[in-house]
1. Which of the residues that make up region 43-58 are farther than 14 Å from THR16 by Cβ and modelled with pLDDT of 55 or more?
2. Among what's in region 1-27 and is in a loop (DSSP other than H, G, I, E, B) and of a type in the set (A, V, I, L, M, F, W, C), pick the residue that is farthest from SER65 (Cα to Cα).
3. What number of residues in region 91-108 are more than 14 Å from ILE159 (Cβ to Cβ), touching a strand residue (DSSP E or B) at 6+ places or on another chain (Cβ under 7 Å) and part of a strand (DSSP E or B)?
4. Just name the residue that is nearest to GLY177 (Cα to Cα) out of those in region 116-135 that are charged (D, E, K, R) and surrounded by 13 or more Cβ atoms within 10 Å (Cβ to Cβ).
5. So, in region 135-190, of the ones that are touching a residue at least 40 places away in the same chain (Cβ under 8 Å) and touching a Pro at 6+ places or on another chain (Cβ under 7 Å), which residue ends up nearest to GLU123 (Cα to Cα)?
6. State all residues of region 9-21 that are more than 16 Å from the chain's Cα centre (by Cα) and within 14 Å of ALA37 (Cα to Cα); if no residue qualifies, say none.
7. Where residues in region 1-44 are free of Cβ contacts under 8 Å to residues at least 40 places away in the same chain and in contact with a Phe, Trp or Tyr (Cβ under 9 Å, 6 or more places away or on another chain), which of them is surrounded by the most Cβ atoms within 10 Å (Cβ to Cβ)?
8. State whether one or more residues within region 119-132 are without any contact (Cβ under 8 Å) to a residue 12 or more places away in the chain and assigned to a loop (DSSP other than H, G, I, E, B).
Amino acid sequence: MSLPSLALPGQLLGPTDKYLPGPGTHIHEQQIYASIAGPVISSPSKSHSSSTTTSSKSKLVPLLSISRPPTTTTDPGILGTGSGGGAPLLPAIDDTILGRITRLGARFATCEILVIGDTVCREAFQGQIRREDIRATEKDKIKIEESFRVGDLIRGVVISLGDQSNYYVATDRNEFGVVMARSEEGRLMYPVSWREFRDPVSGRAEGRKAAKPF
C-alpha cells in the first residue's frame with residue numbers, strides 16, 4: 001500500500017517491517033497508525049543504537065511522522081495579517097473535504113469536517129449529508145443507516161454553506177463516500193463494492209456508501 005498524503009486519527013499507515021514510528025503515530029499489532037490528523041512525512045531515520053544490525057536497519061527503514069498544523073499569532077479580528085497562516089480556513093462551495101460521521105438521523109447524517117482540500121483544519125466544522133445527497137441514483141431507496149455509521153471517515157464535497165453552522169456535504173459521486181470504516185467488532189474493514197465493506201476476520205459485510213479508491 002502507498003502512503004497517504006494526509007492522515008486522520010486511527011488511519012493505517014504501514015507495517016513496522018517497512019517503516020519506523022515517529023511523532024504523531026503509534027503501533028498496534030505490528031502496524032503503524034496515525035495518532036493525530038495531518039500531513040504524512042516519510043524521512044530517513046537516525047539511529048541512536050551502537051548495534052550494527054539495528055543501525056543498518058534504521059538507516060534503511062524510513063521514519064513516518066505526522067506534521068501538526070502550524071500555530072498562528074494572527075489577531076482573530078484582523079484577517080490576512082500576522083504570521084503562520086493568515087486568514088482562518090473556512091469551507092467553501094466545491095471544496096473536497098475529509099470528515100468523521102458523528103450522528104445519524106432519519107433524513108441526514110452529521111459529520112465533523114477535519115480536512116479541507118490538502119489542509120488540516122485547526123478546528124472541526126459541522127456538516128450535514130442529506131439523504132438525497134448520499135448517492136446519485138435510486139434516491140428514494142436510500143437509508144442513512146445503510147450508508148454510514150458513527151465513526152466512519154468520509155470524503156465529500158461542500159455543496160452549500162447552509163447557515164454557517166452546518167455546511168451541506170454531498171457524497172453522490174463515485175469518488176466520494178466512506179474511505180475508512182470499522183466493523184461492529186472494531187476491526188478496520190475493506191470495501192468490496194460501492195455499497196459494502198467487509199470485516200477481514202469474520203467475513204461479515206456491512207452496508208456503506210463506499211468511496212471509489214484513487
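1. Correct list: SER43, PRO44, LYS46.
2. Going through the qualifying residues, I end up with MET1.
3. 5
4. ARG135
5. The selected residue is TYR167.
6. Within region 9-21, no residue meets the criteria.
7. ILE32
8. no
The values are calculated or read from the model by the stated rules, or taken from the named source; none is laboratory data. Remember, it's a predicted structure, so these values are computed and weren't measured experimentally. Here the Cβ is made from the backbone with ideal geometry for all residues, glycine too, and neighbour counts use every protein chain on show.
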